[in-house]
1. Please find, within segment 292-313, the residue that is most open to solvent (accessible area, probe 1.4 Å) out of those that are within 21 Å of residue 397 (Cβ to Cβ) and in a loop (DSSP other than H, G, I, E, B).
2. Taking the condition open to solvent by 70 Å² or more (accessible area, probe 1.4 Å) and either outside any loop (DSSP other than H, G, I, E, B) or of a type in the set (Val, Ile, Thr) (or both), does residue 397 pass?
3. With 161, 126, 130 as the choices, which residue is open to solvent by 10 Å² or more (accessible area, probe 1.4 Å), free of Cβ contacts under 8 Å to residues at least 24 places away in the same chain, in contact with a strand residue (DSSP E or B) (Cβ under 6 Å, 6 or more places away or on another chain) and basic (Lys, Arg)?
4. What about residue 136, is it modelled with pLDDT under 95 and not aliphatic (A, V, I, L, M)?
5. Across segment 288-337, what is the number of residues that are within 20 Å of residue 370 (Cβ to Cβ) and touching an Asp or Glu at 6+ places or on another chain (Cβ under 6 Å)?
6. Any residue in segment 524-538 that's among the small types (Gly, Ala, Ser): show its pairings with residues that are open to solvent by less than 10 Å² (accessible area, probe 1.4 Å) and assigned to a strand (DSSP E or B) at Cβ separation under 6 Å, as long as the two are six or more apart or on different chains.
7. Being of a type in the set (A, V, I, L, M), outside any loop (DSSP other than H, G, I, E, B) and either in contact with a helix residue (DSSP H, G or I) (Cβ under 8 Å, 6 or more places away or on another chain) or touching a residue at least 40 places away in the same chain (Cβ under 8 Å) (or both) is true for just one of 316, 362. Which residue is that?
8. Looking only at segment 32-82, count every residue that is open to solvent by less than 20 Å² (accessible area, probe 1.4 Å), under 22 Å from residue 208 (Cβ atoms) and among the small types (Gly, Ala, Ser) and tell me the total.
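The values are calculated or read from the model by the stated rules, or taken from the named source; none is laboratory data. None of these values were measured; they are calculated from a predicted model. Neighbour counts are summed over all protein chains in view; Cβ atoms, including those assigned to glycine, are modelled from backbone coordinates with ideal geometry. Each accessible area value is taken on the protein alone, full model and side chains, heavy atoms only, with ligands, DNA and RNA left out. Shrake-Rupley method; radii C 1.70, N 1.55, O 1.52, S 1.80 Å.
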Amino acid sequence: MERFDYVIVGGGSAGCVLAHRLSAVPSLRVALIEAGADTPVGAVPAAILDSYPMPVFCGDTYIWPELTATATRDRAPRVYEQGRVMGGGSSINVQAANRGLPRDYDEWAANGAPGWAWDDVLPYFRMLERDVNFPGGALHGRDGPLPIRRIMPKDWPPSCRAFAEGMHANGFATLADQNAEFGDGMFPSAFSNIDDKRVSTAIAYLDEATRQRPNLSVYSNLRVDRIVMDGTFARGVEAVAPSGERVRFEAGEVVISAGALQSPALLMRAGIGDARELGSLGIECNVDLRGVGRNLQDHPSLTFCHFLEPRFRVPLSRRRASMVAARFSSGVEGCDVSDLYLSSATRAAWHALGNRLGLFFLWCNRPYSRGRVQLVTPDAAAAPRVDLNLLDDDRDLQRLVVGVHMLARVVAESGIGDDPRDFFPAAFSPRVKALSRVSKTNAFLTSMLGALLDTPAPLRRLLIERFFTRGLRMSELLADDRALADFIRANVFGVWHASGTCRMGDVRDRDAVTDTEGRVHGTRGLRVVDASLMPRLPTANTNIPTIMIAEKIADVMVGQRRAGGVTGASGPTDATPLAAAH
């Protein structure tokens, strides 16, 4: 049994940042524990490095295969892909580098998380990034660990240009930088990628120099199943190796960075949560915190496809597929501006069939619906129950209805096709995911199916209706909002932006779980640092905001250590190693 100053549970988007920043102080002994495989320098799997994410995302090697979620109350659960690999979600996601809007963080500060307003978090967004297109200035960083770039309009393939024309025709403004221009409009998507290769937090923060630090120990394929509690004190963790051997770590402080679904489950199994619900499972309650696992948020999303004529197809050798996106406002009464998001990709999958289909993601920003994470058993090997509850608030449904109509108008004006029957709804179903796994069998099947799509148009459209949409036509949905609402309820799913389940807030707020530094209310030596801290989901993909959270809290932790335990300033200061790190 070893003792560390900090034991970090979870080597994902937050955990790698914490390991890098905390171990920069030579006097601190830091352990980073990841349940999945490591991706050390020089040995990152090609599938993870790939700029096109779907092959790794659709496999089961780098996710928690037993983790499922229900989208709405009347839907069956299905796999909810969350990273189980060094780098976590940043190793399997689409690499979107979206900060969100200033209003997101100003709202955090106004509603129980002082110190997290836009002006407070901007220095950490700048700290994490090396923006290739807009280096330096008041809004961007030039020296951070994470490269961020865009494919600019002059380099867009014909399908992206056509889609942009469709948005222009529908009144979308053109923004050069989604992370510095905060109104509605279309823009080249920012992503964490350089030389057409993914840069995960494991690559950016656990570089060779960091891994060689004698005070940092990195453990992989080691699943933490228990926080060792002494009453309200966290003393360490117990983990299980693949062999079944149990390993114990003692810690001055335990930092849980296991993500918005696993972090609350770890707390609940440690007796931190709703006392009545824990008692029903035979778990002794150490701290009665009813907010643990509540406030779960994700962006309700839908997917659509359009058949691409050969002139709009991009060679499979060109790996980056997502290049253009947009924010726009639904106009639904009582809802905020910029409450819908639309992105496009030049292919729907890695194979010959997917290469003949353009893909569109539509999601609802600023969701009002809230879900929950709950334990079903004290057994640490069992996945928690995840109810996304995506359309619990009717405003989210109303806005998706508006969004589908707008997407249809954009496609109609894009010139990407001359028949509305080539535009159709597509669900990321288990059947589609199975076909998207990389294998020789799937390559053969999809090459045959792809060839069938190149048959004469009447036969192609018959095939689409028979095998892709099961007879459902976009024209029928667009003509009947009731039918469209039913379609949305049957097909909506999360876009893998789970957040909010250990939200920051004042100790007097019964639903708050942590303070503004991630310290769990009512405990000692226990902190949460990941997307579960977010009081409200930003107008953004969650990866970059999660990295920002880790940067900000790491800076506070280091500042407190240097000050002998006195709380440090909320921003970067010359007293911390971070100011000198760049």
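1. 295
2. No; evaluated as a whole, the condition is false for this residue.
3. Working: 161 fails: in contact with a strand residue (DSSP E or B) (Cβ under 6 Å, 6 or more places away or on another chain); 126 fails: in contact with a strand residue (DSSP E or B) (Cβ under 6 Å, 6 or more places away or on another chain).
Result of the check over 161, 126, 130: 130.
4. Considered against the rule, which asks whether it is modelled with pLDDT under 95 and not aliphatic (A, V, I, L, M), residue 136 comes out as yes.
5. 4
6. 525/234; 531/499
7. 362
8. The qualifying residues number 1.
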